[in-house]
Structures are given as structure tokens and as C-alpha cells.
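In what follows, a structure is listed as C-alpha cells, so that the remarks can point back to it.
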Amino acid sequence: MEARTMRIAIAAMAVGLACVASADPAEEPWVDQLGLGPWQEGRATFYGNEEYNGDTFSIDEGHCEYGSIPSPRYIAALSTWSGFGGDWDKSNCGRCFEIKCDPDGEWGKSCRGDRVQASVVVVVTDKCPCDDRNRRWCCGDAAHMDLSFEAYGEVGNHGGGVISTAFRPIECPDGMGRGGELLLSPQDQAKPSGNASRVFRSATRGLAL
């Protein structure tokens with residue numbers, strides 16, 4: 001926990017980001033049908049990779065007590081922001097959010113240039129600890145998500161430590177499981193049949209070719 005606290009504390013120097021409705025990203029025909037709310041602005045950091053930055057906090061030991069997280073390990077730990085329910089207990093466990101990196105946001109320069117059209121669907125398996133050491137990020141000043149190392153890296157550059165995001169709550173897609181999914185260019189996808197995860201991973205337009 002101490003290593004995670006240090007990583008969050010030094011991730012970036014910035015003032016609080018108010019969470020307000022943002023300009024909607026491009027339409028995503030079948031994914032939009034899963035939307036449970038409007039797009040909003042937020043921010044995200046990451047945790048759970050000791051080899052990268054010495055962070056020994058494991059995403060497999062999250063607040064929701066799900067145990068081992070399956071590949072591709074796209075999960076989120078939510079802050080105590082009021083829009084997430086304040087000082088929530090287990091009420092957010094298992095919820096899904098679609099997240100994009102916002103290149104126009106305060107920390108937009110940390111977005112991956114080859115994934116501007118991409119989004120990642122994360123499952124809530126953890127709670128960002130609101131204590132004196134993490135007050136800057138986890139204690140409700142903004143819609144903050146501490147993402148797994150893997151989820152963050154799909155849309156942001158780890159070296160930046162923090163990214164601006166556009167996010168929305170969505171219904172967890174069929175066949176996804178607790179590992180989450182990557183949508184490389186969801187706006188180009190037809191409504192899937194069968195296993196949705198197969199459709200998610202088949203897109204390539206969001207990558208630098």
C-alpha cells in the first residue's frame with residue numbers, strides 16, 4: 001500500500017478537476033445501446049505493477065474481494081467522488097465503465113496518440129483508498145479512477161502517471177467477464193452476435209498501422 005501511495009502522490013502536479021458533462025465522443029452504434037449515463041470528464045492513474053515502478057499493491061486483492069483477475073485484467077478502483085456514491089462500500093463492485101483518454105483535457109498530453117479513437121471497458125473490482133496519504137487523488141475532489149496497469153496502458157502513456165478521461169457507465173457486455181475488454185474503434189463496429197469479446201478484439205482502425 002505504501003508503494004501505491006507514493007506512486008499516486010507523485011503522479012502529477014495539478015489542481016482539482018471538476019467533473020462535468022463533456023462533449024460526447026463519436027457515436028458508437030451498438031455500444032451506445034449499452035450506455036447507462038452521459039459521458040463525463042474525469043482523470044485516471046494506475047497501479048498494480050511492481051516490475052514497472054515498485055508498486056506492490058495487487059489488483060487481485062481488491063476491495064470487492066473477487067480474487068484473481070483474468071486476462072486482459074482491465075479493472076478500476078473508484079474514488080469516493082459523490083457521483084460514484086461517496087464513501088461507498090460494495091455498491092460499485094462489478095459495475096462497468098467505458099473510458100477514453102481525452103487529449104483536450106488537463107492531462108491530455110499523456111494520451112496515446114495511436115489510440116485516440118480507442119476505449120477500454122473496465123470492471124470495478126477495487127476502491128481507491130481515501131486516507132491522508134491518498135487524499136490528493138482518492139478522496140472525492142473529482143471523478144477519479146485508479147486503473148490497472150494494463151487498462152491504463154491501452155489508452156495512456158505510463159510515463160505521464162495521470163490522464164484526462166471521458167467516461168460513462170455502461171451495461172457490462174455479454175461474454176466479457178471480470179477481465180474487461182478493449183474497443184479499438186467501437187464506432188465502426190456492427191452490433192455483435194455471439195461472443196462480444198471476439199468483436200471487440202477484431203477492430204484494428206484505432207491502431208497505428
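The values are calculated or read from the model by the stated rules, or taken from the named source; none is laboratory data. What you see is a predicted model, and the numbers here were worked out from it, not measured in a lab. Every residue, glycine among them, receives a Cβ derived from its backbone with ideal geometry; neighbour counts consider all protein chains shown.
A few remarks follow.
- Residue in the stretch 136-184 that is farthest from residue 62 (Cα to Cα), counting only those that are in contact (Cβ under 8 Å) with a residue 40 or more places away in the chain and out of contact with any strand residue (DSSP E or B) (no Cβ under 9 Å at 6 or more places or on another chain): 159
- Checked across the stretch 166-184, the condition of being within 19 Å of residue 42 (Cα to Cα), buried (at least 22 other Cβ atoms within 10 Å of the Cβ) and in contact with a His (Cβ under 9 Å, 6 or more places away or on another chain) holds for no residue.
- Qualifying residue in the stretch 124-141 (condition: within 16 Å of residue 49 (Cβ to Cβ), out of contact with any Leu (no Cβ under 8 Å at 6 or more places or on another chain) and among the small types (Gly, Ala, Ser)): no
- Picking from residues in the stretch 90-126 that are charged (D, E, K, R) and crowded, with 23+ Cβ neighbours inside 10 Å, the one that is nearest to residue 77 (Cα to Cα) is 126.
Condition check ((1) at pLDDT 90 or above; (2) not polar (S, T, N, Q)) across all residues:
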| position | (1), (2) |
| --- | --- |
| 24 | no, yes |
| 28 | no, yes |
| 31 | no, yes |
| 38 | yes, yes |
| 58 | no, no |
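- Matching entry among 69, 8 (being modelled with pLDDT under 85, over 16 Å from residue 166 (Cα atoms), of a type in the set (Val, Ile, Thr) and surrounded by 20 or more Cβ atoms within 10 Å (Cβ to Cβ)): 8
- Selection status of residue 169, part of a strand (DSSP E or B) and either of a type outside the set (S, T, N, Q) or modelled with pLDDT of 75 or more (or both): yes
- Scope the stretch 138-165; condition among the charged types (D, E, K, R), under 13 Å from the mean Cα position of the chain (by Cα) and not in a helix (DSSP H, G or I); matching residues: 146
- Every condition in (1) touching a Cys at 6+ places or on another chain (Cβ under 8 Å); (2) part of a strand (DSSP E or B) is met by residue 94 except one, and the failing one is (2).
- Of all residues in the stretch 99-137, exactly one satisfies the criterion of being modelled with pLDDT under 95, in a helix (DSSP H, G or I) and under 19 Å from residue 39 (Cβ atoms), namely 115.
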